[in-house]
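Asks: Have a look at the structure that comes next, please.
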Amino acid sequence: MTLVLRHLRGACLAAFLLTAASARAQAPVGYGDWQLHLPTNQARALADAGNRVYVAAENAFFYFDKSLNTTQLLSRRDGLNDVGVSALAYDSVGQQLVVAYRSANVDILRDKDGAIVNINDIARKEISGAKTINHIHINARRAYLACSFGIVVVDLAKLEIRDSYTNIGPGGSVLKIYATAVANGTLFAATSNGLMRTSLSANPLDYRNWTTDLPARAGDPYRTLAVQAGRVVAGINGDRLVTYVAGSGWQTLSGAPTGVEYRQLTPSLAGLLVTDNSKVTVLNVTNGVTALTLRPGQLADPRAAVRVKGGQYYLADYANGLLKTSNGQQAEQFLTNAPAAAQGFSVLAGGSSGKVDIFTGGYDEKYEQRDFYRGFFEYADGRWTNITPQTQPNPAQYPNPKDLTRGTRTPDGTLYVGSYGNGLLEWKGPGEFRLFNPTTNLPNPLRSAIPDPKYTRVPDVATDAQSKVWVLNRHQIVGQSGVFVFNPIASSWQIVDYFSGSENLERLVLDDAGDLWAVGSRRSGIGVVAYQPGTKSVRYYTDAYGFDNTTVNIRESYDIVKDRSGNIWVATDKGPVVFAEATSAFETSLDLKFGLPYVRRGAGTGFPALFNERIRAIAVDGGNRKWFGTERGLWLFNADASEALLHFTTDNSPLPSNQIVDVEVNDKTGEVFVVTDAGTVSYRGDATVTEGKPSCAKVFPNPVRTDFTGQVGITSIANNGFVKITDVTGKMVYQTRANGGAVTWNLQDYNGRRVQSGVYLVLSSDADGKNGCVSKIAVVER
C-alpha cells in the first residue's frame, strides 16, 4: 500500500466552466507543466461523492463540482497512480472514493485529507489470462471487487486487501465475475457460470460453499447486480430483471424493462436506477411501478446513472458525456473543450500560425486503409475546433475525406492535408476547400493504386521555401513518379521526374538547399532516399554507421525531420540516426553517410542514443533539442543527442500511454504536443522561436510570489541570445543562454538560494551582444 499525501490540485490543470452548448477555452499552463487534451464524451461510470460527481470516461477521468458547475480533469499530475479507469464506487461512511483501473491497480481518494492511497497488489500479482476489475460493490466498510479471475475484498478501514475468492467455480475452476452484491449476510455474484451466492459466515474460499441458482447462458448475460430496499436485483441481458426471494430463489421483477441490455443497476432513494441500452428507468422494486423514465434528447448510449441529494440525476453517456436532468426529458450536457476523439494519427504544429492540428485517419502497420472518416481537430488560442462529419455534416462545407494522414501549412495559413484514399485536401475553412484526386479538381497528377479512385493515397506533404506544396502519392505503380509539387498561387502541378522507389515513399522533408529527403515504406526496403531536382541526382541510404564499425539497418523508418542546423534526422526501429551535412550529400567525393548519435554525458554514455529503441516520431524545438517519441514514453535530448535531458512515462507524468504516436512542438509557445494511442497531452517546454525582430522580453507569470515553485518563463528574446538577471543595484543573480527564443528561471541564484522579494531586471541581447533590452520581474511576498 502506498500513501500519497497530495491533494487533488484542481487549479493546476485548469477548470472548465461548462454549459449545454459551449466550453471555455483552456488557460495556459506554466513552464514545465502539462495540459490534458482528452475528450470526456465517452462517459462510462459514475460515483456520487458529496459535492462532486466523479466520472470515468473511456480516455479521461474527471469530477464535476456541483456547487461551481465546473469539471476538473485528473491525472498522475494530481497524485493518481495509473490511467484508464474501469470502475468507481464511493464509500459514504469513510468518505472515500474507490478507483479501479484497467490494469487492476486501485486508488483510494480520501476526502478528509485529500490523500491518495494506492493498493497495487492485484496489478502486481501474476495471474494467467485477463486481469480486469469489472465492478465495485461497497457494504459494511468493505469493497467487493468483481474481477475477471474472481472476487477481491478490500478492507476500507485498514485500506488493505482482506480476502480473495478466486476458485469458486465447479470443481474449483476460475470464473469471470461481472458484479457482486451483499444482502442479509449473503454474497451474490453475477458470473460466467450464472448467478451464484454464498453465505459470508461460511468459507467463501471453498467452491463447495457456493450455490449456482441460475446456470450459465450463452454470451454471459448475467452482468449486473444491486441491492435496493433490502432486495437483491439482477439483470439478465436480453431477457428480464429478477429479484432474489429467500426460500423461493430468483423471481421475475414485475414492471421492469424487458428484452434490453442491462448496463448498470444503481440503488437510490427514489428507486432502483435501471440503465439499459436506450434509457434509465427509476423503478420501485416493491410494487413494480416506474416512478420516472430518463430519456433526454442527448441520451444516445447510456452506461450509468446516479441520483444525488436534491433529486437531480447524472447520466453517463458513451456518446455525449455527462448529462444532468431533473425531469428526465431536458438535460444539461457537460463536455470539456477537447478533441472530438482520443485517437490520432499525426499532429501538425503550424509554426507562425500558432495553430495545432490533429489528423485522425492514416493507415495501419501493414499500410492498409482504416476507413476512418473522422476529420481533424484544430487548436488555436486555447480552444479546440473539431472539423468532423458531426460538426460539418454538409459536404459543401466539408468533404469528409477518408483516413487523413499528415498536413502542412503555407505562409498564408492554408492547410494542406493528405488523405490515404481521397488524395489531397486544400482547406481554408468551411466551404472554402478543394479536394484533389483522379476525379475532382482536374487536371492533377494524383493516381489511385487501383482503378477505384478511393485508393489515391497521400501519406505526407510538406511546404518549401517558395510556399509550394510537395506531395507524396503512394500509388506503387513502378515507372511512374509518386512525387508532385503543387503551386497554390498558379494552381498548377509539377511532376518530379521518376526515380526508383518514388512510387512507394511514406515520409518527406526538404533540406536547406531545397532537396528532397524521403523515407520509403517499411515494406519496400528503400530506406532513405535523397533527390536533387536540379541535377536529378539520387542517393539511397540503407545503413547508418557508428564507432567501432557499428552498423545498423535503417530500412524500417518512421519519421524524418530537418533540425535547425540543417541536419537530417530519421526515426528508425534501431534508434535515431542523423545525416550531419545534408546540403553536401550530393558531393560524391565526400562519401557522406548516416551516423549514430552517441551519448557522451549521463546514463548510456558511450552507447548510441536510444540504441535499438523503436522511435516513432522526432520533433525539434526552438533550442534545436530533439524530442523522441518511443514505445517507452517521451524523451528529450540535447541538440546532438549526446545527453538525455528528460524522460516522461505514465509513471512520472500525465501521459495517458507510453505508446507515442507523434510529437510536434509549437514554436510560438514552446508547447510540446504529444499524441499517444490513448489521447493527446501537451507539455509546456522552455524553448520557443522568436520570429522577426525581437521585442523586449515577455515574462510569465509576472508578478510572481516568493513561494512560487514553478518556472518563470522569459520569451520573445533574440533566438539563442543571452539573458542576465540582476537586482536593481546591478548585482548579478543569474545568467544563461536562450533555448531558441526562451529562458526559464526557478527564482534561484547561482548558489541555489531563493531570491528575496523585489524587482529584478532582465537584460537580454542577441548572440552577438547587440539589440539589448531591459524587462522587469516583480517578486512579491505571499
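Asks: May I ask you to list the residues in the range 396-455 that are aliphatic (A, V, I, L, M) and more than 25 Å from the chain's Cα centre (by Cα)?
Replies: Of everything in the range 396-455, those that are aliphatic (A, V, I, L, M) and more than 25 Å from the chain's Cα centre (by Cα) turn out to be Ala396, Leu424, Leu425, Leu435, Leu442, Leu446, Ala449, Ile450.
Asks: Quick check, is Val561 under 19 Å from Asp662 (Cβ atoms) and out of contact with any Asp or Glu (no Cβ under 9 Å at 6 or more places or on another chain)?
Replies: Criteria met by Val561.
Asks: When the residues of the range 720-777 are filtered to those that are outside any strand (DSSP E or B) and of a type in the set (Ser, Thr, Tyr), which remaining residue is farthest from Arg684 (Cα to Cα)?
Replies: Here is the first cut: in the range 720-777, the residues outside any strand (DSSP E or B) are 720-721, 728-731, 738, 741, 746-747, 749-753, 755-757, 766-772.
Cutting the leftovers down to of a type in the set (Ser, Thr, Tyr) gives us 729, 750, 757.
Values: Thr729: 32, Tyr750: 24, Ser757: 26 Å.
Looking at the filtered set, the residue picked out is Thr729.
Asks: Hey, another quick one. Only one residue in Val712, Val675 is assigned to a strand (DSSP E or B), in contact (Cβ under 8 Å) with a residue 12 or more places away in the chain and crowded, with 24+ Cβ neighbours inside 10 Å, so which one is that?
Replies: Val675
Asks: What single numbered condition from (1) surrounded by fewer than 17 Cβ atoms within 10 Å (Cβ to Cβ); (2) of a type in the set (Asp, Glu); (3) at pLDDT 95 or above fails to hold for Glu426?
Replies: Just one mismatch for Glu426, condition (1).
Asks: Ok, one more. When you look at Ile725, is it without any contact (Cβ under 8 Å) to a residue 60 or more places away in the chain, buried (at least 21 other Cβ atoms within 10 Å of the Cβ) and assigned by the TED database to the domain that holds Asp768, yes or no?
Replies: So Ile725 passes the test.
Asks: Considering Ser757, Ser716, which residue is modelled with pLDDT under 90 and of a type outside the set (A, V, I, L, M, F, W, C)?
Replies: Ser716
Asks: While we're on this one: In the list Ala316, Ala270, Ala304, Ala291, which residue meets the criterion of being assigned to a strand (DSSP E or B), more than 30 Å from the chain's Cα centre (by Cα) and of a type outside the set (S, T, N, Q)?
Replies: Ala291
Asks: Okay, next question. Only one of these is modelled with pLDDT under 95 and not acidic (Asp, Glu): Ser653, Ser642. Name it.
Replies: Being modelled with pLDDT under 95 and not acidic (Asp, Glu) holds for just one of Ser653, Ser642, which is Ser653.
Asks: Please go through the range 434-493 and pick out each residue that is surrounded by fewer than 18 Cβ atoms within 10 Å (Cβ to Cβ) and aromatic (Phe, Trp, Tyr).
Replies: Trp493
Asks: Within the range 427-436, identify whether any single residue is touching an Asp or Glu at 6+ places or on another chain (Cβ under 8 Å), aromatic (Phe, Trp, Tyr) and either touching a residue at least 40 places away in the same chain (Cβ under 8 Å) or part of a loop (DSSP other than H, G, I, E, B) (or both), and answer yes or no.
Replies: So far as the range 427-436 goes, yes, one or more of its residues are touching an Asp or Glu at 6+ places or on another chain (Cβ under 8 Å), aromatic (Phe, Trp, Tyr) and either touching a residue at least 40 places away in the same chain (Cβ under 8 Å) or part of a loop (DSSP other than H, G, I, E, B) (or both).
Asks: Within the bounds of the range 221-240, is there any residue that is without any contact (Cβ under 8 Å) to a residue 12 or more places away in the chain and hydrophobic (A, V, I, L, M, F, W, C)?
Replies: The answer is no; no qualifying residue exists.
Asks: Among the residues that make up the range 537-547, is at least one of them within 29 Å of Thr680 (Cα to Cα) and surrounded by 21 or more Cβ atoms within 10 Å (Cβ to Cβ)?
Replies: Within the range 537-547, none of the residues are within 29 Å of Thr680 (Cα to Cα) and surrounded by 21 or more Cβ atoms within 10 Å (Cβ to Cβ).
Asks: Residue by residue through the range 47-81, note down the ones that are part of a strand (DSSP E or B) and either of a type in the set (A, V, I, L, M, F, W, C) or in the same structural domain as Asn120 (by the TED database) (or both).
Replies: As a first pass, look at the range 47-81 and keep what is part of a strand (DSSP E or B): 47-49, 52-57, 61-65, 70-74.
Selection gives Ala47, Ala49, Val53, Val55, Ala56, Ala57, Phe61, Phe62, Phe64, Leu73, Leu74.
Asks: Also: Where residues in the range 200-236 are of a type in the set (S, T, N, Q) and touching a strand residue (DSSP E or B) at 6+ places or on another chain (Cβ under 6 Å), which of them is surrounded by the most Cβ atoms within 10 Å (Cβ to Cβ)? Full working, then the answer.
Replies: First, the residues of the range 200-236 that are of a type in the set (S, T, N, Q): 201, 203, 209, 211-212, 224, 228.
Those still in the list that are touching a strand residue (DSSP E or B) at 6+ places or on another chain (Cβ under 6 Å) too: 209, 211-212, 224, 228.
On the way: Asn209: 15, Thr211: 12, Thr212: 16, Thr224: 25, Gln228: 23.
So, considering only residues that are of a type in the set (S, T, N, Q) and touching a strand residue (DSSP E or B) at 6+ places or on another chain (Cβ under 6 Å), the one surrounded by the most Cβ atoms within 10 Å (Cβ to Cβ) is Thr224.
Asks: Residues Gly194, Gly255: which one is surrounded by fewer than 21 Cβ atoms within 10 Å (Cβ to Cβ) and in contact with a Gly (Cβ under 6 Å, 6 or more places away or on another chain)?
Replies: Gly255
Asks: Among the residues of the range 740-757 satisfying the criterion of being over 15 Å from Val699 (Cα atoms) and touching a residue at least 12 places away in the same chain (Cβ under 8 Å), which is surrounded by the most Cβ atoms within 10 Å (Cβ to Cβ)?
Replies: Gly740
Asks: Identify the single condition in (1) within 18 Å of Arg44 (Cβ to Cβ); (2) among the hydroxyl-bearing types (Ser, Thr, Tyr); (3) surrounded by 19 or more Cβ atoms within 10 Å (Cβ to Cβ) that Tyr144 does not satisfy, given that it satisfies every other one.
Replies: Result: Tyr144 passes all but (1).
Asks: Moving on to the next point. Residues that are at pLDDT 95 or above and more than 33 Å from the chain's Cα centre (by Cα): find the strands (runs of 3 or more DSSP E) completely inside the range 518-620 holding 3 or more of those.
Replies: Fully inside the range 518-620 and qualifying: 528-532, 537-541.
Asks: While we're here: How about the range 759-768: which of its residues are surrounded by 13 or more Cβ atoms within 10 Å (Cβ to Cβ) and closer than 12 Å to Val728 by Cα?
Replies: Result: Tyr760, Leu761, Val762, Leu763.
Asks: Now for a different question. Check the range 645-660 and report whether any residue there is more than 19 Å from Tyr101 (Cα to Cα) and touching a helix residue (DSSP H, G or I) at 6+ places or on another chain (Cβ under 9 Å).
Replies: No, the range 645-660 has no match at all.
Asks: Of all residues in the range 628-643, which are outside any loop (DSSP other than H, G, I, E, B) and over 18 Å from Gly595 (Cα atoms)?
Replies: Residues satisfying the conditions are Gly629, Thr630, Gly633, Leu634, Trp635, Leu636.
The values are calculated or read from the model by the stated rules, or taken from the named source; none is laboratory data. Keep in mind that what you see is a predicted model, and the values were worked out from it rather than measured. Every residue, glycine as well, gets a Cβ built from its backbone with ideal geometry; the counts of neighbours run over all protein chains shown.
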